[in-house]
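S.K.: The structure that follows is given in the form of structure tokens.
Each value in this text was obtained by applying a stated rule to the coordinates, not by laboratory testing. What you see is a predicted model; the values in this text were computed from it and never measured. All Cβ positions, glycine included, derive from the backbone under ideal geometry; neighbour counts span all protein chains shown.
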Amino acid sequence: MDERGENGQAPTGGPGGRPPAPHGPPRKRPAREPGEPGNGFLVGRPFGVPVYVAPSWFLVAALITWVFGGQLDRVLPELGAVRYLVSLFFALAFYASVLVHELAHTVAALRFGLPVRRIQLQFFGGVSEIEKESERPGREFVLAFVGPLLSLVLAAVFYGLLYAVEPGTVPGVLVAGLMISNLIVAVFNLLPGLPLDGGRMLRAVVWKCTGSAMKGSVAAAWAGRGLAVAVLIGLPLLTQSDLLGDAPETVSATDTVFDALLAAILAAIIWTGAGNGLRMARLREHLPALRVRTLTRRAIPVEGTTPLSEALRRANEAGARALVVVDGYGTPQALVRESGIVAVPEHRRPWVAVSTLAQDLTDDLRVSAELGGEELLERLRAHPASEYLVVEETGEIYGVLSAADVDRAFVRAMARP
């Protein structure tokens, strides 16, 4: 699966599904650098993209080992306890197949010039965290389809290998298991509903037909919610029928509970991912309304030795809401933090110089007055701070942008229908 946005955007959907993007302004969730806590264990950097194994992977690897070990006990009882080593090898080979699925998304994204933050192998498969959305429906379709396509190719390869191994042997059972598991990954991800790859493909088709990415997202999200309900109801009914080869009377109570629990987990993941898809579509629709020029606070220049009380008096007279510390030549040197001002009791302000409350001005804290939309949020996410100096293209000071103002504007934009 491939994740878009922040964050962002997104984890869901089973092996190869898509995760949700973040629910709030990207500035609040700066990208983790490789090695930061929360990424998991770094195992490699194919194509320059870090691949991590999340701690939850060990849980599902143990579960796969246990379940597949039980199957081996029925097919190859002579293996004894060795069957669990064979099962562990199967779990590792299966997740290697999932990694190939994710690498397909990653290579396609890089080919289209879309940055990929990382790949993570986790409980229900893998996540390719693609940081930007495709700008064209055709690319969106290709980007979503390549993952299931590679899984189908792997299933075909393992099917061909069946003719090279003896049935009823360890290699035969492993190859058959990998063929079936890759086929399941491909078919599951082709189901037409967000957050699965098939949902992204549906979104691209509706987008192409209507010319509206928003309509595509809405259609794919509601299809995803319908799919979640179908999984919740249909999966337990399917396992209770004889369509899977087992007579209903041979299905134990434990199997029934396990199937119902699995259906509930999958349905919850799909439903949540579909909802996040709707929220991110609404975000992209309203992002253009976020403009630096309309959010900037008027600021006045003050020298660093100016008492805070005097600086605030001048700001009130000028109708300004921000202070910029300048040198003797009027060159900006620092920004006075709003949180620092609030923390100083009013009776102490005449004895506190503004320079003691200021943050030194660096290039990262300068933003163009022309920024807006997704570009603005990416800029703030890359360089998180409480205030930024806003400058014109000529270098002239336009004012100060408060991250709190951006947050409030973001919330208002998301609240609009």
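S.K.: Have a look at the DSSP beta bridges in the chain and tell me what percent are antiparallel, nearest 5. Walk me through the numbers on the way to the answer.
M.R.: Working: 23 of 36 bridges.
Bridges in the chain that DSSP calls antiparallel: roughly 65 percent.
S.K.: Using just the Cα positions, wrap the range 263-417 in a convex hull and report its mean projected area in square nanometres, one decimal place. Working shown, then result.
M.R.: Numbers: hull surface 47.5 nm².
Taking a quarter of the hull surface, the average projection is 11.9 nm².
S.K.: A further question on this structure: If you scale each eigenvalue of the Cα gyration tensor by 5 and take the root, what three semi-axes come out for the range 319-384, rounded to whole angstrom and sorted largest first?
M.R.: On the way: eigenvalues 139, 45, 23 Å².
Listed largest to smallest, the semi-axes of the range 319-384 are 26, 15, 11 Å.
S.K.: Here's another thing I want to ask about it. Have a look at the DSSP beta bridges in the range 292-415 and tell me what percent are antiparallel, nearest 5.
M.R.: On the way: 13 of 21 bridges.
Counting DSSP beta bridges with both partners in the range 292-415, the antiparallel share is about 60 percent.
S.K.: If you average the C-alpha positions of the range 74-92 and of the range 347-417 separately, how far apart do those two centres end up, in angstrom?
M.R.: Centre-to-centre distance over Cα atoms comes out at 59 Å.
S.K.: Within the range 299-332, whose backbone N sits under 15 Å from a point 7 Å along Cα→Cβ of Trp351?
M.R.: Residues 307-309 qualify, since their backbone N sits under 15 Å from the label point.
S.K.: Right, something else. Mind listing the long-range amide H neighbours of Val325? Cut-off is under 5 Å, sequence gap 5 or more, other chains count too, H placed in the peptide plane at 1.01 Å from N.
M.R.: Val302, Gln333, Ala334, Leu335, Val336
S.K.: If you wrap a convex hull around the C-alpha atoms of the chain and split its volume per residue, what is the figure in Å³? Kindly include the intermediate steps, with their values, before the conclusion.
M.R.: Values: hull volume 75.7 nm³, N = 417.
Once divided by residue count, the hull of the chain is 182 Å³.
S.K.: Given the DSSP H assignment, sum -39500 (n - 2.57) over each helix run of at least 4 residues in the chain and divide by its residue total; what's the result at 222 nm in deg cm²/dmol, nearest 500? Kindly include the intermediate steps, with their values, before the conclusion.
M.R.: Working: 12 runs with 215 residues, N = 417.
So the helix-based figure for the chain works out to -17500 deg cm²/dmol.
S.K.: Now for a separate question. Rounded to the nearest 0.05, what FRET efficiency do Gln333 and Thr210 give with R0 = 51 Å and r taken as the Cβ-Cβ distance? Could you check? Before the final figure, lay out each step's value.
M.R.: Numbers: r = 52 Å, r/R0 = 1.02.
That gives a FRET efficiency of 0.45.
S.K.: Put a dot 7 Å past each Cα toward the Cβ at Val165 and Arg293; how far apart are the dots in nm?
M.R.: Placing both labels 7 Å along Cα→Cβ, they lie 6.5 nm apart.
S.K.: Using +1 on the beta carbon of Lys and Arg, -1 on that of Asp and Glu, and nothing else charged, what's the dipole of the chain about the Cα centre, debye to 20? Intermediate results must be reported in sequence, preceding the final value.
M.R.: Working: 39 positive and 40 negative charges, 207 e Å.
About 1000 debye.
S.K.: Give the span of the range 96-246's Cα atoms along each principal axis, as three whole-Å numbers ordered largest to smallest.
M.R.: Extents along the principal axes, in whole Å: 53, 37, 27.
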